[in-house]
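The values are calculated or read from the model by the stated rules, or taken from the named source; none is laboratory data. In this text, all values refer to a predicted model and were calculated from it rather than measured experimentally. Every residue, glycine as well, gets a Cβ built from its backbone with ideal geometry; the counts of neighbours run over all protein chains shown. Heads up: the accessible areas ignore ligands, DNA and RNA and are worked out on the full protein's heavy atoms, side chains in. Shrake-Rupley method; radii C 1.70, N 1.55, O 1.52, S 1.80 Å.
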Amino acid sequence: MENALILIIEDEPEIVEILEVYFSREGFRTISASDGTIGLAHHQRLKPDLIILDVKLPGQDGYEVLAAIRRRGDTPVIMATALAEDLDKLQALRIGADDYVVKPYNPLEVVARAKAVLRRATGRDVQQPMRVGPLTVDPGAYLASVEHPTGPAVLELTRTEFRLLSYMARSPNRVFERSELVDACLPEGEALERTVDSHMSNLRRKLAAAGADRLLSGVRGVGYRLADHFG
């Protein structure tokens, strides 16, 4: 984490200056961009360790920039915006944000959130592929697939969906409470348990499309189970 490069995509110079000062105090390097196009160019060229991304930007908005970043890879992204509605948060999380902070925010909190996201991103153990019935989850390759006689069907998952599936695949048949899944897999500070239900609904739909509709099931009043049988 020491000397990590933080890309700040923000069109308000005063906010950029404050964040740069606080990140610098903690030993981080920073680079900034005032719009999405420049931000994406910096991301492509400099390969930052983490991005602080505003939603309201000139030209491309933050959601469009985030979607472009996710098409390229896994760079951790914290959305920073004045929009505080739950739907805005859910949209950012569905696209693949790792965390979400609302303006006006304390820059110390932003730095703390960044540290937490970086720990989560860099501190994951390298694991061997996990098998749950016909499902294979490979954290190293960031790949999940369902085996068929004709070959594997690859699941197209968002970052959070993959994180949830990988976490549950470590303990097949165990029932995971929603609160545990929030703490372990959802972005720092995002404590809406109904967000888990939304991600699980998408996961079940994608598993069903791959022919594994009964692997993931809900347990009424408790949470979710990933079974090791196929039906």
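Tabulated data for the structure shown
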read-out: Residue of Val55, Val77, Val111 that the Gaussian network model of the chain assigns the largest fluctuation, springs spanning Cα pairs under 10 Å; value: Val111
read-out: Accessible area of Thr30 in the full protein assembly, 1.4 Å probe (Å², nearest 10); value: 50
read-out: Accessible heavy-atom area order of Asp88, Asp61, highest first, probe of 1.4 Å; value: Asp61, Asp88
read-out: Mean separation of Cα contacts under 8 Å (6+ apart) over length of the chain, as relative contact order %; value: 14
read-out: Kirkwood Rh, Cα atoms: Rg over Rh of segment 130-226; value: 0.95
read-out: Radius of gyration and maximum dimension Dmax of segment 34-102, Cα, Å; value: 11.0, 33
read-out: Ordering of 92-102, 209-219, 5-15 by packing [mean C-beta count within 10 Å, highest first]; value: 92-102, 5-15, 209-219
read-out: On Cα atoms only, tilt of 36-46 relative to the major axis of the chain in degrees; value: 80
read-out: Per residue accessible area of the chain, 1.4 Å probe, in Å²; value: 48
read-out: For segment 130-226, size of Cβ-based charge dipole, Lys and Arg +1, Asp and Glu -1, in debye; value: 320
read-out: Computed [θ] at 222 nm, deg cm²/dmol, the chain (DSSP H ≥ 4; -39,500 (n - 2.57); rounded to nearest 500); value: -13000 deg cm²/dmol
read-out: Shape of segment 5-122, Cα gyration tensor, a/c cut at 1.5; value: rounded
read-out: DSSP beta bridge pairing in the chain, given as percent antiparallel to the nearest 5; value: 45
read-out: Spherically averaged projected area in nm², based on the convex hull that wraps the Cα atoms of the chain; value: 12.9
read-out: Acute angle (nearest 10 degrees) that the helix 62-72 long axis makes with the longest principal axis of the chain, alpha-carbon atoms; value: 60
read-out: Top positive-direction residue, dipole computed over the chain with Cβ charges, set Gly151, Leu40, Val55; value: Gly151
read-out: For segment 52-181, convex hull of alpha carbons as volume per residue, Å³; value: 133
read-out: Angle in degrees between helix 159-169 and the longest Cα principal axis of the chain, rounded to the nearest 10; value: 40
read-out: Stokes-Einstein D (µm²/s) once Rh is taken as the Kirkwood radius of segment 102-175 over alpha-carbon pairs, at 4 °C in 1.567 mPa s; value: 90
